[in-house]
1. What are the residue pairs meeting all of these: first residue in segment 84-110, first residue on the phi > 0 side of the Ramachandran plot, second residue at pLDDT 75 or above, Cβ atoms under 9 Å, and 6 or more apart or on different chains?
2. Is one or more of the residues making up segment 221-230 surrounded by 15 or more Cβ atoms within 10 Å (Cβ to Cβ), at pLDDT 85 or above, in contact with a helix residue (DSSP H, G or I) (Cβ under 7 Å, 6 or more places away or on another chain) and not in a loop (DSSP other than H, G, I, E, B)?
3. Return the total of residues in segment 231-254 being in a strand (DSSP E or B), at pLDDT 85 or above and of a type in the set (Gly, Ala, Ser).
4. Would you mention how many residues in segment 161-195 are buried (at least 21 other Cβ atoms within 10 Å of the Cβ) and farther than 24 Å from Arg228 by Cβ?
5. Over 30 Å from Val215 (Cα atoms), within 16 Å of the chain's Cα centre (by Cα), open to solvent by less than 20 Å² (accessible area, probe 1.4 Å) and not charged (D, E, K, R): does that describe Val334?
6. Taking only segment 305-350 into account, find how many residues are in contact (Cβ under 8 Å) with a residue 40 or more places away in the chain and either of a type in the set (S, T, N, Q) or over 21 Å from Asp60 (Cα atoms) (or both).
7. Could you check, for segment 299-315, whether at least one of its residues is within 24 Å of Gln241 (Cα to Cα) and modelled with pLDDT under 85?
8. With respect to Asp281, is the statement that it is within 25 Å of Gly194 (Cα to Cα), in contact (Cβ under 8 Å) with a residue 40 or more places away in the chain, open to solvent by 10 Å² or more (accessible area, probe 1.4 Å) and not in a loop (DSSP other than H, G, I, E, B) true?
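The values are calculated or read from the model by the stated rules, or taken from the named source; none is laboratory data. As the structure is a prediction and not an experimental result, all values here were calculated from the model. Note: ideal-geometry Cβ built from the backbone for every residue, glycine included; neighbour counts use all protein chains shown. Side chains are part of the model used for accessible areas, which takes the heavy atoms of the whole protein and leaves out ligands, DNA and RNA. Shrake-Rupley method; radii C 1.70, N 1.55, O 1.52, S 1.80 Å.
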Amino acid sequence: MGEGKTPDAVWGRGRRLWPLRLTWRAGRERDRDEREGPRGGWLTDELVIRADFDRLRAYDLGTGTVRWTWQVPDRDVLLGASRDVADGVVLVAHHDDGSGSDRVRVAAVDVTAGERLWSREYFGYRDPGFGPYDFNGSDPCTVLSGRHVASATGKHLRSVDARDGAELRRVPLPAEAKGLDLWVASVDPFVAVGKGRGKRGEWRVFVVDSRGQEVTSAPLSGPYDRIRMPAAVVDGMLVAQIAHPNDSADATMADYERLRIGGFDLFTGELRWKWKAGKIDSVLPHRGRLLVLHSYGHKIAVLDARDGRVIARRRLRGSGLNADLRVAGDRFAVFGGSADRHPLRVFRWR
């Protein structure tokens, strides 16, 4: 939330839909299951790393040459991955099939060498309401960030150090949060969103500070049927995908294109703006602005998170389903599904 502003020169002048320069792209791999989408990815000053359902693969940022590959142990399935790199380390969650159970393990992988540094059973997995797919669901109640695991249950917001299981934060939820289905929108600050039971259940946002104290609990304004990922917190705003109750609840392609993102004030719950531009694939805070990947990974827009104003729009060469976005320096990477012709594309800002 305290990031600096992105220089306007990065995007050029005006809002014309200029195409961005494609640096390189990786082709479809023959041994990939075409039904599988990416579990995530990362971008550093030297590498772009794609997380698939069974492995991590690191490419040289400048050339696209494969630097290393890390296979998930024991042919396990990767459930989810942290969105960020902390001190050269990323976290991944995977099934612990070797133990003969459905337990989940969290592993730390060094991004420079592609080696596992440590692995721990996920300590919060046995908590009521947790399941192995929470890491990668559309409304996750558990997320990996930095070196810790953040979770929202029916009673608490909590953060656990994945290295030793030490509890970092544990905040009881207020009375109005009891019985809500919660999911985590952000870890720093710790923001959770929940919906009450029943058709007319109220949506609320909960914000916790770095000391583990509740800052605010506010109802989100508007008659909405769904408030869900993709979501981001930037400049005091919760930006999330929303759908009006009058929209069809069937998950057809037309439904996805009717969805829009909305900007809610974190401390009042007021809806400040709405924005619609085809299918919303990914939202990412970057230097005080909001980057929105949309139209099946074919376009990107830069928004002012406070009012939803479009600062710039650009076309991207290529497209795909369920695309995700990462940014580092003057490059950004778009991660697509395994069935896409080019499941990984790298662009320059300028």
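1. That search, which allows pairs on different chains as well, returns Asp87/Gly146; Asp87/Arg147; Gly88/Thr44; Gly88/Asp110; Gly88/Val111; Gly88/Thr112.
2. no
3. Restricting attention to segment 231-254, the residues satisfying the condition of being in a strand (DSSP E or B) are 231-234, 237-243.
Checking which are at pLDDT 85 or above leaves us with 231-234, 237-242.
Restricting the remaining residues to those that are of a type in the set (Gly, Ala, Ser) gives 231-232, 240.
Final tally of qualifying residues: 3.
4. Counting residues in segment 161-195 that are buried (at least 21 other Cβ atoms within 10 Å of the Cβ) and farther than 24 Å from Arg228 by Cβ gives 1.
5. Numbers: over 30 Å from Val215 (Cα atoms): yes; within 16 Å of the chain's Cα centre (by Cα): yes; open to solvent by less than 20 Å² (accessible area, probe 1.4 Å): yes; not charged (D, E, K, R): yes.
Yes.
6. Residues in segment 305-350 being in contact (Cβ under 8 Å) with a residue 40 or more places away in the chain and either of a type in the set (S, T, N, Q) or over 21 Å from Asp60 (Cα atoms) (or both): 14 in total.
7. Restricting attention to segment 299-315, the residues satisfying the condition of being within 24 Å of Gln241 (Cα to Cα) are 299-315.
Those left that are additionally modelled with pLDDT under 85: none.
No.
8. Numbers: within 25 Å of Gly194 (Cα to Cα): yes; in contact (Cβ under 8 Å) with a residue 40 or more places away in the chain: yes; open to solvent by 10 Å² or more (accessible area, probe 1.4 Å): yes; not in a loop (DSSP other than H, G, I, E, B): yes.
In short, yes.
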